[in-house]
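Everything on this sheet refers to the single structure shown next.
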Amino acid sequence: MVEQVDVSSRASQIEYAIRDVVIPAIELESQGHEIIKLNIGDPLAYEGLPTPNHMIDAFKKALDNQDNGYSPSYGISDLRQAIGENETQKGWICSSDDVYVTHGVTEALQIIFAAFLQEGDIVLAPGPHYPPYMAYPQMYGATTMEYRLNSSDSWKIDLEDINSKMNSNVRLLVIINPNNPTGNVATKEEIDALIKIADDWPKCTIVADEIYDGLDFTGNLVSVASRSQKTPVIVLNGVSKVYFAPGWRVGYMAIHDPNKSLKLVRDGMERLLRSRLCASTPAQYGFLAGLTADKKWLGKHRLVIKERLDYCLKRISQIDGIECESPGAAFYLFVKITKSKFSKDDKKFVLDLLHKKHVLVVHGSGFSPEFGSGHFRMVCLPPIEILNIVFDRISDFLK
């Protein structure tokens with residue numbers, strides 16, 4: 001027997017539920033089965049939500065002009081300026097120097113965690129949450145602690161739970177707004193209360209993941225940075241969701257630092273950014289076109305998503321064994337499994353649904369073992385005729 005080379009513990013313990021469930025789906029596809037995939041938040045996976053043509057044209061133009069070389073490590077200057085202006089319109093002063101362009105929000109998280117975290121530090125993140133908030137901090141010796149989102153009250157932030165878990169080791173307090181996977185939109189009052197808690201801890205910085213901000217259906221969304229007058233806020237956003245170009249892998253960090261307490265951290269972040277060279281140059285030009293051009297097209301895309309989301313909620317309400325809080329934004333449904341036969345093991349539910357009905361969703365415990373179990377997440381992105389098939393199959397499976 002060949003002696004195996006040891007894998008690092010940091011790699012062997014990484015889990016990413018959204019893509020981990022794809023492995024058995026691929027095996028079924030290799031056997032000739034057609035799988036309806038509702039696991040990944042990719043708006044281009046189905047018809048009706050294309051990347052805008054003017055953005056594609058700008059990407060192509062960059063290629064035609066041979067704008068394929070290395071760009072500045074912090075992002076091309078015109079894009080940083082446009083992002084700064086866009087964030088300023090949300091109610092806080094953001095200069096181009098406050099903006100750093102990254103390979104999507106996931107790389108931004110890696111940069112933030114690497115610059116902030118050391119052994120024993122804590123990231124306080126919502127539960128349920130986007131999986132990298134649990135997976136990445138451990139690579140830097142830190143741990144993720146979850147604060148509760150209230151599943152029986154539209155997934156509102158449990159402020160008392162945050163307050164009880166804050167201590168001097170909490171370096172980063174995360175708010176995902178709109179939330180992935182629940183679609184909840186935090187109110188201005190919730191955000192103000194969260195900031196007030198953070199204000200009492202001078203070593204704490206807020207991470208505001210706002211990648212779905214343009215897909216708000218409530219009209220209540222506010223920028224976290226616009227509300228903070230003391231605690232620093234790092235805003236995360238990008239081209240993937242609101243500009244419908246997930247494969248371009250361009251995101252950004254925008255830093256709001258009212259008291260200039262992040263000078264040392266920013267130096268560390270800039271060193272890390274320089275060491276990994278730059279984000280995709282032609283994709284940055286495509287993102288720039290999206291930020292600076294007319295955004296009327298987004299309203300049409302939003303209507304398509306809302307129609308499909310409403311259809312999903314209607315079908316769920318008609319099926320015995322599942323229920324769902326109405327999302328206020330984005331294109332996810334975090335569905336509660338109400339039959340105890342299935343809810344006790346949500347991952348088994350997901351895998352059985354996949355193998356028996358060839359519908360792929362994601363187990364809720366993959367977004368939070370404590371606060372997400374007994375649920376599954378699905379996207380509402382396919383056309384209604386496909387969603388109709390999906391819910392017929394789920395209904396049959398539950399019977």
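The rows are residues; the columns are (1) surrounded by fewer than 19 Cβ atoms within 10 Å (Cβ to Cβ); (2) under 26 Å from Ala254 (Cα atoms); (3) of a type in the set (A, V, I, L, M, F, W, C); (4) within 22 Å of the chain's Cα centre (by Cα).
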{"position": "Asp42", "(1), (2), (3), (4)": "yes, yes, no, yes"}
{"position": "Gly48", "(1), (2), (3), (4)": "yes, no, no, yes"}
{"position": "His54", "(1), (2), (3), (4)": "yes, yes, no, no"}
{"position": "Ala62", "(1), (2), (3), (4)": "no, yes, yes, no"}
{"position": "Asn65", "(1), (2), (3), (4)": "yes, no, no, no"}
{"position": "Arg80", "(1), (2), (3), (4)": "no, yes, no, yes"}
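Take the conditions surrounded by fewer than 20 Cβ atoms within 10 Å (Cβ to Cβ) and among the small types (Gly, Ala, Ser) and apply them to Ser368. Does it pass? Here the answer is no, as Ser368 does not meet what is asked.
Being over 16 Å from the mean Cα position of the chain (by Cα), of a type in the set (Val, Ile, Thr) and modelled with pLDDT of 95 or more is true for just one of Ile206, Ile191. Which residue is that?
Details: Ile206 fails: over 16 Å from the mean Cα position of the chain (by Cα).
Every option except Ile191 fails the conditions.
Can we say Ala186 is assigned to a loop (DSSP other than H, G, I, E, B), modelled with pLDDT of 95 or more and under 20 Å from the mean Cα position of the chain (by Cα)? The answer is yes for Ala186. If the condition is being closer than 25 Å to Lys156 by Cα and surrounded by fewer than 23 Cβ atoms within 10 Å (Cβ to Cβ), then segment 242-261 contributes only Val242. Of all residues in segment 98-143, those satisfying the criterion of being out of contact with any strand residue (DSSP E or B) (no Cβ under 9 Å at 6 or more places or on another chain) and under 16 Å from Glu270 (Cα atoms) are Ala114, Ala115.
Can you tell me which residue in segment 92-108 is modelled with the lowest pLDDT, limited to those that are small (Gly, Ala, Ser) and within 22 Å of the chain's Cα centre (by Cα)?
Going through segment 92-108, the residues small (Gly, Ala, Ser) turn out to be 95-96, 104, 108.
Subset that is within 22 Å of the chain's Cα centre (by Cα): 104, 108.
Values: Gly104: 90, Ala108: 95.
Ranking the candidates gives Gly104 first.
Scanning segment 137-148 turns up no residue that is under 24 Å from Val242 (Cα atoms), out of contact with any helix residue (DSSP H, G or I) (no Cβ under 6 Å at 6 or more places or on another chain) and either crowded, with 18+ Cβ neighbours inside 10 Å or of a type in the set (Val, Ile, Thr) (or both). With respect to the conditions (1) touching a strand residue (DSSP E or B) at 6+ places or on another chain (Cβ under 7 Å); (2) part of a loop (DSSP other than H, G, I, E, B); (3) surrounded by fewer than 24 Cβ atoms within 10 Å (Cβ to Cβ), Ser152 lacks only one, and its number is (1).
With respect to Asn184, determine if the residue is out of contact with any Leu (no Cβ under 8 Å at 6 or more places or on another chain), crowded, with 23+ Cβ neighbours inside 10 Å and closer than 16 Å to Phe217 by Cα.
So Asn184 fails the test.
With a requirement of 3 or more residues that are in contact with a Pro (Cβ under 8 Å, 6 or more places away or on another chain), the strands (runs of 3 or more DSSP E) lying completely within segment 307-399 that satisfy it span 332-337.
Among the criteria (1) loosely packed, with under 15 Cβ neighbours inside 10 Å; (2) not assigned by TED's automatic domain parsing to the domain that holds His256; (3) not polar (S, T, N, Q), the one Tyr70 does not fulfil is (2). A search for C-beta distances below 7 Å between a residue of segment 276-300 that is in a helix (DSSP H, G or I) and buried (at least 21 other Cβ atoms within 10 Å of the Cβ) and any residue that is at pLDDT below 95 and basic (Lys, Arg), counting only pairs 6+ apart in sequence or on different chains, returns Ala283/Arg249. From the list Gly84, Gly75, the one residue that fits, being in contact with a strand residue (DSSP E or B) (Cβ under 9 Å, 6 or more places away or on another chain), at pLDDT 90 or above, in a loop (DSSP other than H, G, I, E, B) and not basic (Lys, Arg), is Gly75. Scanning segment 158-173 for residues being surrounded by fewer than 23 Cβ atoms within 10 Å (Cβ to Cβ) and out of contact with any Lys or Arg (no Cβ under 7 Å at 6 or more places or on another chain) gives a total of 10. Within segment 116-135, does at least one residue satisfy the condition of being more than 20 Å from Cys204 (Cβ to Cβ), surrounded by fewer than 19 Cβ atoms within 10 Å (Cβ to Cβ) and either at pLDDT 95 or above or in contact with an Asp or Glu (Cβ under 9 Å, 6 or more places away or on another chain) (or both)? There is at least one residue in segment 116-135 that is more than 20 Å from Cys204 (Cβ to Cβ), surrounded by fewer than 19 Cβ atoms within 10 Å (Cβ to Cβ) and either at pLDDT 95 or above or in contact with an Asp or Glu (Cβ under 9 Å, 6 or more places away or on another chain) (or both).
Can you name every residue in segment 159-182 that is assigned to a strand (DSSP E or B) and either more than 21 Å from Gly328 (Cβ to Cβ) or among the basic types (Lys, Arg) (or both)? Break it down stepwise before answering.
Initially, segment 159-182 is screened for residues assigned to a strand (DSSP E or B), giving 170-176.
Matches in segment 159-182: Val170, Arg171, Leu172, Leu173.
The values are calculated or read from the model by the stated rules, or taken from the named source; none is laboratory data. Values in this document were obtained by computation on a predicted structure and should not be read as measured data. Here the Cβ is made from the backbone with ideal geometry for all residues, glycine too, and neighbour counts use every protein chain on show.
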